[in-house]
């Protein structure tokens, strides 16, 4: 940031000056486009910004400094696993052999990447306790769709018409949205009073129409579903399959293998558990692991290892039972290279330690907040890698809400936890410290929360109007939605002053 | 920490896992120090061949990327942030997405651009699903000149959603060969008993041809359907944008905006639409607003369309997207500028024409006669064998079309070739020489027997 | 603030009956629960709505809620003003924020709905 702190920036369109540029490529022959028929030619050039290299670089460097990021500070965003992103991952993905390889290149010239992908599949098979893996899905939700489509195809192949997907009410919104995309109907099952699965509630809803249950384990409350064994039995008894949302895999590496326990399919978020960076919202990758029942239906193409230890991709149409393609080419290989680097770095013993440390950090932080007596801890027992705190009491006594506390945390240099999720807990804060934070950071964060809770009583107005030291104050979100301004037009920015 | 929890062993933290469900230990290799890991990765990367003279495009395009692009992308403030849930400390990401939306809106001539989708194929599928929601109809037509992977993904998504997808053939021969069969298209759209929600056509097509988009759009609208244009963004520097020929939705692959090929991803799915469809567009949208003190600021908006609020009634299940790739594309566009972008498109066109001429001189000619920008198919006897043989000579002779599209008999024994500004004239000359040699060798009886 | 001359549903819609024309909206309580309303999706004129079935959707910045018809009937008019000024639902829930007018099929349904006292009791418990 500039010595005086981060500065808001005008749009890059406002920096544009006619004719300004830095030459990057040679000029083409003047007649290069003459052969294009007039009806296909663009009449008016696109009004893209004209800037030179210093303009562009300063713009994007200054903009970057308006962001909180893992590289700048603690990011305890529950259910997102904002752990450290090792720098060697970035180096690996940029090796020209990986980065410059064309996705339609023949197998013969892609052996290094194909081997990496195949080995990555083997590692994920071992971690998940499943039988096979597809690396094709581009994100967790994309993996969910892949998994549910495979389940649908499985039932179809057995001549069964099953339409229902049972989802607990604490689930991520992607679960019910996925069921809809796969043409299935969501049935929401309320959680039991202890926050865990209501197995009886599930039993009552399970039947010949049930295609699948989708369970996040540990749950979005940060609790291990200790009755999962019973539920899986009941699910399989009625001929349905069990999908595990692997969003919280960081809590169970080496402790619980979903495939061994009886899940039929799960997705893995490499950008959560395996340290591939979140990129401001993406990219991720959502490999899906399946057991033998679902293996025939995996998306194509799969990576195959030949008897002579060479690798190849499945040919078009080679495996007719497949659900088909779920995206173009092979997958987000650049992301998968990073995940592979991470998995190799840690190995079997290191992965188990990751989980131990992540769960230890979460329990430590939970206890510190519980000891303060200022926050509600609705589920006081042992948590997994994340836990719920609530400002329900603070709100009743001071009028300060979870949202205000989240905003005030920004003034302390911390990112806020996930707030108002899951929807089932009043004034929820879902806090996930991850294994890569030091005890000093955890203590400083707990101290900040305690200070804010006290401030809610002593000076509620300051908390309610936070943040005070961020680049901007609270935003007019209602105005943004009522009169959407979704793109720059020359006249569009004039109603608000351009930052200087 | 363990001590402060009053625990003797970390195992106590896992007492909630029922013993019967506790897993066997992870049977994986031991941890690897960074130096060793880097040696392993460098070794794997070296097993790939990226030193070939390549004329391969087919949906992923190599372009010059100025070093500033990757240097900015390596700033941790960009790549280690997450979805801007707290806008006050995420203005960088939010403004960068707003600028991306604006840049793509300019290029495509559309009003609204989503913050990004997984790739061109998923973007096309989402666009096709939009047409069904917007019209209340459940049947979409897609031209067989659309990338085969995109059509395969459309099949997967449509089968999942219980919607109908019909493929419109391409013309087999004559002056319109390779283009979407408009007569057949008109027949299908005229069938009032089966109303069509949307028509999906590419520009340029998978075969590199310039499609009659204005005519496709006119036919779609006459049938009460929406028109989806699948576009390649670099080409939009010089080709008429979707907004100019009446497209309701533009979808496409943004990889060509300076993102390295990376064996398939992460890429950048583009979805853009008219204002009329803003409530149907899936994925995040960022808008400009103000903070309580009147400062210009940016925020995720119209979120009630999305899965985290609307759950089973959401327009899509998309959550994680490709924000960093949208930033990469913006950086690349800013670095190139409008003139640089036009130069890139024109250089590709020029180099491709050199390639066409050089090949024609040795008797290898185009399959189709329609106009193209920088990619075209050529007929080569024994195409797969020629392609394989050239690989041994350091040339990646594009794509064997039959490998990707085995169900298009008119394109048996063809190669799909592409040139961009990264191909040199020397490469073009060398390629023509080598392919002439290989064709001659393979034509001799001994070689065929082998 | 619960007008005495209206009837209410458990889902927080209100209805005013003039002859066989019912005017329908959501209550002040509902508007406050939703927060700043940013969009209201309403049925087309001529559509029929069925008692206790959904007839539209109301969105705020961070929530979305289905709208349930208090009565069965045919939509005569929708409040076009809400397209450009959805905030009327917050500002004037019982007046300018009305949503649809319906030609009622069975006026008897009106009597079966909650009266002001009953609705007030319901929201007091919430």
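Nothing in this text is a laboratory measurement; each read-out follows from the coordinates by a stated rule. Predicted model, so just to flag it, every value in this text is computed and none were measured. Note: ideal-geometry Cβ built from the backbone for every residue, glycine included; neighbour counts use all protein chains shown.
Key figures for this structure:
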| item | result |
| --- | --- |
| Tail beyond 19 Å, pair distance distribution of segment B:1-155 (Cα, percent) | 80 |
| Kirkwood-Stokes translational diffusion coefficient of segment A:234-314, alpha-carbon pairs, 37 °C, 0.692 mPa s, µm²/s | 221 |
| Distance from segment B:299-317 to segment B:136-214 (C-alpha centre basis), Å | 29 |
| Which of B:218, A:454 has the fewest Cβ neighbours within 10 Å, and the rest in rising order | A:454, B:218 |
| Alpha carbon convex hull of segment B:163-220, volume per residue in cubic angstrom | 86 |
| Order of B:336, B:213 - criterion: other Cβ atoms within 10 Å of each residue's Cβ, fewest first | B:213, B:336 |
| Taking all pairs of distinct alpha-carbon atoms in segment B:349-428, Kirkwood radius in angstrom | 12.9 |
| Gaussian network model of chain B, Cα within-10 Å springs - most flexible of B:180, B:289, B:420 | B:289 |
| Chain B: most fluctuating residue of B:267, B:207, B:157 per GNM, C-alpha cutoff 10 Å | B:157 |
| Cα centroid separation - segment A:64-138 against segment B:242-272, whole Å | 22 |
| Prolate/oblate/rounded label for segment B:303-351 (Cα gyration tensor, a/c 1.5) | prolate |
| Alpha carbon Rg of segment B:249-367, scaled by the compact-globule rule 2.2 N^0.38 Å | 1.50 |
| For segment B:213-296, projected area of the alpha-carbon convex hull averaged over all directions, nm² | 8.2 |
| Computed over segment A:1-99, the ratio Rg/Rh where both radii use C-alpha atoms and Rh is Kirkwood | 1.12 |
| Amide N of segment B:360-383 lying under 17 Å from the label point, which is placed 7 angstrom from the Cα of residue B:429 along Cα→Cβ | B:360-362 |
| Centre separation in Å (Cα based) which lies between segment C:76-126 and segment A:443-478 | 37 |
| Per-selection Kirkwood Rh - segment B:310-450 (Cα, Å, 1 d.p.) | 17.6 |
| Alpha carbon Rg of segment C:23-96, scaled by the compact-globule rule 2.2 N^0.38 Å | 1.03 |
| Projected area averaged over orientations for segment A:182-275, convex hull of C-alpha atoms, nm² | 6.3 |
| Debye log10 I(q)/I(0) at q = 0.12, 0.13, 0.20 Å⁻¹ for segment A:322-475, Cα point scatterers | -0.62, -0.70, -1.18 |
| Highest-fluctuation residue, B:398, B:243, B:92 considered, GNM on chain B with Cα pairs under 10 Å | B:92 |
| Against the rule of thumb 2.2 N^0.38 Å, how large the Cα Rg of chain A comes out | 1.09 |
| Ranked list, fewest to most other Cβ atoms within 10 Å of each Cβ, for A:155, B:387, B:117, A:27 | A:27, A:155, B:387, B:117 |
| Projected area, mean over directions - chain B, Cα convex hull, nm² | 29.8 |
| Helix-derived mean residue ellipticity, 222 nm - over the protein assembly as shown, DSSP H n ≥ 4, -39500 (n - 2.57), to 500 | -10500 deg cm²/dmol |
| Estimated translational D of segment A:368-453 in µm²/s (Stokes, Kirkwood radius over Cα pairs; 10 °C; 1.306 mPa s) | 122 |
| Dimensionless Rg/Rh of the protein assembly as shown - Kirkwood Rh, Rg from C-alpha atoms | 0.96 |
| As computed over segment A:307-376, the Cα convex hull volume per residue (Å³) | 212 |
| Volume of the Cα convex hull of chain C, divided per residue and given in Å³ | 89 |
| Kirkwood Rh in Å, taken over all unlike Cα pairs in segment B:81-237 | 16.7 |
